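Read the structure below first, then the notes.
The values are calculated or read from the model by the stated rules, or taken from the named source; none is laboratory data. Predicted model, so just to flag it, every value in this text is computed and none were measured. Here the Cβ positions follow ideal geometry from the backbone for every residue, glycine too, while neighbour counts run over all protein chains shown.
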4 protein chains.
Amino acid sequence: MSGPETDLGTRSDTSRAVAFSDAIFAIIITLLVLDLRVPDVPPGHLLSGLLSQWPAYVAYLASYSYVAVVWLNHKAAFNRIQQSDRGLHWMNLLVLFTTALLPFPTIVVSHALQEHDNADQRVGIAFYALIGASLCAAWLAFYHYLARHPDLLKEQARDHFFHVERLRALAGVVLYVLAGVLGYLVTPLVGLVIFLLLPAFYAVTSAGLYQFRATRKITNRPRPPRG
Amino acid sequence: MSGPETDLGTRSDTSRAVAFSDAIFAIIITLLVLDLRVPDVPPGHLLSGLLSQWPAYVAYLASYSYVAVVWLNHKAAFNRIQQSDRGLHWMNLLVLFTTALLPFPTIVVSHALQEHDNADQRVGIAFYALIGASLCAAWLAFYHYLARHPDLLKEQARDHFFHVERLRALAGVVLYVLAGVLGYLVTPLVGLVIFLLLPAFYAVTSAGLYQFRATRKITNRPRPPRG
Amino acid sequence: MSGPETDLGTRSDTSRAVAFSDAIFAIIITLLVLDLRVPDVPPGHLLSGLLSQWPAYVAYLASYSYVAVVWLNHKAAFNRIQQSDRGLHWMNLLVLFTTALLPFPTIVVSHALQEHDNADQRVGIAFYALIGASLCAAWLAFYHYLARHPDLLKEQARDHFFHVERLRALAGVVLYVLAGVLGYLVTPLVGLVIFLLLPAFYAVTSAGLYQFRATRKITNRPRPPRG
Amino acid sequence: MSGPETDLGTRSDTSRAVAFSDAIFAIIITLLVLDLRVPDVPPGHLLSGLLSQWPAYVAYLASYSYVAVVWLNHKAAFNRIQQSDRGLHWMNLLVLFTTALLPFPTIVVSHALQEHDNADQRVGIAFYALIGASLCAAWLAFYHYLARHPDLLKEQARDHFFHVERLRALAGVVLYVLAGVLGYLVTPLVGLVIFLLLPAFYAVTSAGLYQFRATRKITNRPRPPRG
């Protein structure tokens with residue numbers, strides 16, 4: 001806080017942005033459960049009703065994993081950020097915006113897959129892919145902003161970390177679009193399977209592509225002595 | 001915490017008020033998604049059903065941006081506040097109260113615009129404008145309280161910051177009322193467009209009118225050396 | 001943290017309990033808005049539909065104010081607490097439990113008052129009074145626990161603060177029961193008015209009865225010089 | 001933070017994980033109230049409608065207590081954790097995942113017990129037992145990970161604490177399965193009673209079996225002098 005008085009409103013530490021984002025991620029990941037409902041079946045058919053809701057469970061799992069990965073990404077990014085400016089706040093709000101949308105395509109795809117209309121199922125998959133790709137695009141903008149504003153980063157993070165992260169986000173855009181196209185043109189289930197697999201891919205690389213190899217080496221090393 | 005024992009209940013640092021407010025903003029901004037629902041259409045019409053829900057998306061975007069701006073305002077204000085007293089807590093709770101109401105007019109206006117009754121649409125727009133203006137009025141009261149209690153502020157913030165901020169809040173009251181009147185008298189869509197534009201205006205000036213010019217100069221300057 | 005190793009699980013600082021409680025209060029106060037719905041009226045009757053929902057707005061206001069006061073109480077109490085033990089955690093969870101219930105009687109009373117059955121309205125008022133009184137009873141247990149465990153308090157708070165606070169909580173139990181009895185026996189609206197007034201009474205005394213007179217004297221005094 | 005640059009993304013302090021988890025627990029415990037609804041009865045029958053919803057109240061109480069115990073467990077565990085790695089983050093996300101599911105079996109069992117179909121009631125109980133056991137299994141995996149990674153723990157916690165905690169989690173798996181089997185084969189109410197009792201058992205031992213005896217001795221001792 002060595003800056004002049006005008007800094008009060010422009011540059012600031014990231015603690016409130018992080019707390020605000022964490023709360024939003026926590027709420028999104030928890031709201032997803034509201035889509036899991038008591039099946040609307042006649043008395044005596046609860047079991048089959050629960051089983052026939054399997055698309056809701058798969059969609060829930062895909063979206064839960066997606067938000068979990070977004071949170072890990074967010075954590076890895078803000079670990080490297082020294083301070084925030086207004087542009088970064090809006091980039092962050094864009095990421096939060098697209099993440100907050102996720103419960104909507106989740107119920108749409110879950111509902112469509114429980115109905116038996118193939119056209120609707122393809123629309124549902126394409127819609128989920130659209131929002132999934134938008135979320136990756138928001139990350140792309142976020143990483144790009146940081147790659148262009150190294151003065152916001154901690155000194156030890158001013159390497160090419162965020163330059164490389166952009167590739168990871170771009171891959172996400174491409175893969176979600178691909179899942180949508182495949183699900184729309186071939187069969188909805190293909191799209192659904194990709195939605196489940198994509199967060200797994202991002203989970204593995206959540207510490208950043210740039211550090212992926214290095215990370216694997218040190219994950220299990222003993223803790224360094226304190227002090 | 002140099003004060004006497006009686007300070008325990010009256011003057012206090014702002015950390016809990018900030019954390020509580022952040023959580024409320026995070027929940028409000030996330031609850032908005034609950035209004036985005038699976039369209040109630042016959043099988044095979046999911047796409048057209050999703051498209052015909054466009055008023056819900058516009059209303060969602062307007063309210064999401066509004067809450068985002070409220071959060072940025074709140075952050076800019078509390079960056080300048082040294083300590084809180086009971087009066088400020090209640091002013092803050094008034095801001096939170098009007099913000100927490102926002103999902104209600106959002107579903108009302110979104111629902112009305114999806115029905116095709118012009119009278120209801122005008123009522124919906126006027127209702128959203130009423131709550132939007134009330135939220136700005138709550139900020140007006142909040143800023144006024146701070147302008148009258150400089151002893152609650154950090155030393156470098158005891159300039160005319162909050163005196164000037166009142167103008168920004170007052171402008172918001174006038175503009176939301178204007179949007180409501182125009183939407184009611186002319187056509188609902190005019191009001192809706194203004195609801196979308198107003199948060200954009202506040203986003204640009206979210207660091208405070210008082211610092212608007214200064215801010216623009218320094219936003220891209222290099223980070224000052226640490227220490 | 002000067003205690004032995006066994007303290008890790010028994011005595012602990014209160015930061016997580018405070019953060020957890022703040023999040024719960026924030027969610028409860030925000031969930032209340034979910035009861036404000038688009039009125040189910042024929043096209044062209046939105047305005048009268050919104051107006052006829054007035055009991056929902058009054059109930060919302062009463063419960064919002066109640067949770068706001070609970071938060072201020074909680075803040076005033078934990079400002080005086082040095083550390084927590086398991087008993088205090090469960091007392092806190094009891095307060096959170098009764099507060100978390102509040103949205104339930106709120107929709108019950110709001111729904112009953114919008115129907116036109118006098119018996120249901122009296123039941124609704126009595127039910128709200130029951131939960132309101134339970135919440136005060138939870139505070140009574142909480143304050144009693146602290147009055148009996150001064151070793152959990154900060155040194156400057158080991159006066160009779162929590163002894164006296166028990167009176168305030170006990171008054172709340174009595175007043176909510178009274179509102180319920182009056183609303184049940186006389187007319188529901190009497191109960192509703194008391195539900196609105198009670199949080200106002202607690203707001204005024206939220207820094208504690210014990211300090212009420214002292215507080216009024218110092219609220220507007222200038223901030224002491226720092227350092 | 002004495003580690004090299006690559007630590008930014010792999011090893012990290014636990015503050016964000018704790019804040020994120022607290023927010024999720026707070027939301028889950030609060031969302032449960034959304035299942036308590038205005039009973040759908042004819043005018044004049046509100047009281048009997050509220051009373052006949054008793055299974056919803058019992059299910060609410062069982063799940064509220066369960067989440068409260070999970071929070072206390074989480075607090076006791078993270079009090080002993082020095083730093084987190086990616087594996088621990090995913091173990092934590094697994095615990096959060098199974099906890100976030102809890103509102104779903106809660107409404108299923110509450111709904112089934114309010115209908116009068118014995119087959120559905122048995123399915124509901126078995127389903128709740130399944131998720132309850134999964135949550136204990138997630139804790140088992142979490143404790144097992146910590147027992148195998150003592151380098152993540154604080155020095156004074158590298159005893160056999162987490163080795164022993166695994167037994168507590170394993171007991172939970174067995175007991176929830178048992179409740180499900182008994183409720184399914186004998187009568188649903190037996191299962192429901194066990195669901196209420198199990199959190200009470202875990203509440204008593206929430207500081208850890210390993211320290212149970214020691215804890216009981218010191219709970220009421222006077223606070224050690226500071227400094």
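Residue check: is C:SER65 buried (at least 19 other Cβ atoms within 10 Å of the Cβ) and over 23 Å from D:LEU72 (Cα atoms)?
Criteria met by C:SER65.
So, in region B:15-44, how many residues would count as being in contact with an Asp or Glu (Cβ under 8 Å, 6 or more places away or on another chain) and more than 30 Å from A:VAL18 (Cα to Cα)?
Quick first cut of region B:15-44, residues in contact with an Asp or Glu (Cβ under 8 Å, 6 or more places away or on another chain) only: B:16, B:19-20, B:23, B:43-44.
Adding the requirement that they be more than 30 Å from A:VAL18 (Cα to Cα) leaves B:43-44.
Counting residues in region B:15-44 that are in contact with an Asp or Glu (Cβ under 8 Å, 6 or more places away or on another chain) and more than 30 Å from A:VAL18 (Cα to Cα) gives 2.
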Report yes if some residue within region C:201-211 is at pLDDT 90 or above and assigned to a helix (DSSP H, G or I); otherwise report no. no
Scan of region D:60-95 for residues that are closer than 16 Å to A:TRP71 by Cβ and under 9 Å from the mean Cα position of the chain (by Cα), ordered by number: D:VAL95
When you look at A:ALA100, is it farther than 17 Å from A:PRO55 by Cβ, at the interface with chain B (Cβ under 10 Å from one of its Cβ atoms), in contact (Cβ under 8 Å) with a residue 24 or more places away in the chain and not aromatic (Phe, Trp, Tyr), yes or no? yes
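Here's the yes/no breakdown for (1) buried (at least 20 other Cβ atoms within 10 Å of the Cβ); (2) touching a residue at least 60 places away in the same chain (Cβ under 8 Å); (3) of a type in the set (S, T, N, Q); (4) part of a loop (DSSP other than H, G, I, E, B):
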site	(1), (2), (3), (4)
D:ASP22	yes, no, no, no
D:ALA26	yes, no, no, no
D:LEU31	yes, yes, no, no
D:ASP40	no, no, no, yes
D:LEU51	no, no, no, no
D:PRO55	yes, yes, no, no
D:VAL58	no, yes, no, no
Test each condition in (1) surrounded by 20 or more Cβ atoms within 10 Å (Cβ to Cβ); (2) touching a residue at least 24 places away in the same chain (Cβ under 8 Å) for C:LEU93 and report the one that comes out false. (2)
Could you check region D:115-133 and list, in sequence order, the residues that are surrounded by fewer than 17 Cβ atoms within 10 Å (Cβ to Cβ) and in a helix (DSSP H, G or I)? D:ASN118, D:ALA119, D:LEU130
Kindly evaluate C:VAL204 against the criterion of being loosely packed, with under 15 Cβ neighbours inside 10 Å, within 15 Å of the chain's Cα centre (by Cα) and not small (Gly, Ala, Ser). yes
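Does D:ASP35 fit the bill of being in contact with a Phe, Trp or Tyr (Cβ under 8 Å, 6 or more places away or on another chain), within 14 Å of chain A (Cβ to nearest Cβ), acidic (Asp, Glu) and under 30 Å from C:VAL123 (Cβ atoms)? Steps first, answer last, please.
Values: in contact with a Phe, Trp or Tyr (Cβ under 8 Å, 6 or more places away or on another chain): yes; within 14 Å of chain A (Cβ to nearest Cβ): yes; acidic (Asp, Glu): yes; under 30 Å from C:VAL123 (Cβ atoms): yes.
The answer is yes for D:ASP35.
For D:ALA147, are the conditions met, namely being at pLDDT below 95 and in contact with a His (Cβ under 7 Å, 6 or more places away or on another chain)?
Values: at pLDDT below 95: yes; in contact with a His (Cβ under 7 Å, 6 or more places away or on another chain): yes.
Judged against the criteria, D:ALA147 is a match.
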Can you pull out every residue in region B:150-175 that is in a helix (DSSP H, G or I), facing another protein chain (nearest Cβ under 9 Å) and touching a helix residue (DSSP H, G or I) at 6+ places or on another chain (Cβ under 9 Å)? B:PRO150, B:LEU152, B:GLN156, B:ALA157, B:PHE161
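Taking into account only those residues within region C:73-87 that are of a type in the set (A, V, I, L, M) and surrounded by fewer than 21 Cβ atoms within 10 Å (Cβ to Cβ), which is farthest from the other protein chains (Cβ to nearest Cβ)?
Filtering region C:73-87 down to residues of a type in the set (A, V, I, L, M) leaves C:76-77, C:81.
In the following step, the residues that additionally are surrounded by fewer than 21 Cβ atoms within 10 Å (Cβ to Cβ) were identified as C:76, C:81.
Values: C:ALA76: 5, C:ILE81: 11 Å.
Selected residue: C:ILE81.
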Kindly indicate whether D:LEU47 is out of contact with any Ser or Thr (no Cβ under 8 Å at 6 or more places or on another chain), within 14 Å of chain A (Cβ to nearest Cβ) and part of a helix (DSSP H, G or I). no
Taking region B:60-98, which residues are among the charged types (D, E, K, R) and at pLDDT below 90? B:ASP85, B:ARG86
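Take region D:97-114 and flag every residue that is within 12 Å of A:HIS45 (Cα to Cα) and surrounded by fewer than 24 Cβ atoms within 10 Å (Cβ to Cβ).
Our first condition is that a residue be within 12 Å of A:HIS45 (Cα to Cα); within region D:97-114, this holds for D:112.
The answer is none; no residue qualifies.
Conditions tested, residue by residue: (1) buried (at least 16 other Cβ atoms within 10 Å of the Cβ); (2) among the aliphatic types (A, V, I, L, M).
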| residue | (1), (2) |
| --- | --- |
| D:LEU140 | yes, yes |
| D:TYR143 | yes, no |
| D:LEU152 | yes, yes |
| D:HIS160 | no, no |
| D:HIS163 | no, no |
Tally up the residues in region A:147-195 that are more than 20 Å from the chain's Cα centre (by Cα) and closer than 28 Å to A:LEU88 by Cα, please. 13
What pairs come out if I take residues in region D:107-118 that are within 9 Å of chain A (Cβ to nearest Cβ) and pair them with residues that are acidic (Asp, Glu) whose C-beta lies under 9 Å away, six or more apart or interchain? D:ILE107/D:ASP35; D:SER110/D:ASP35; D:HIS111/D:ASP35; D:HIS111/D:ASP120; D:ALA112/D:ASP120
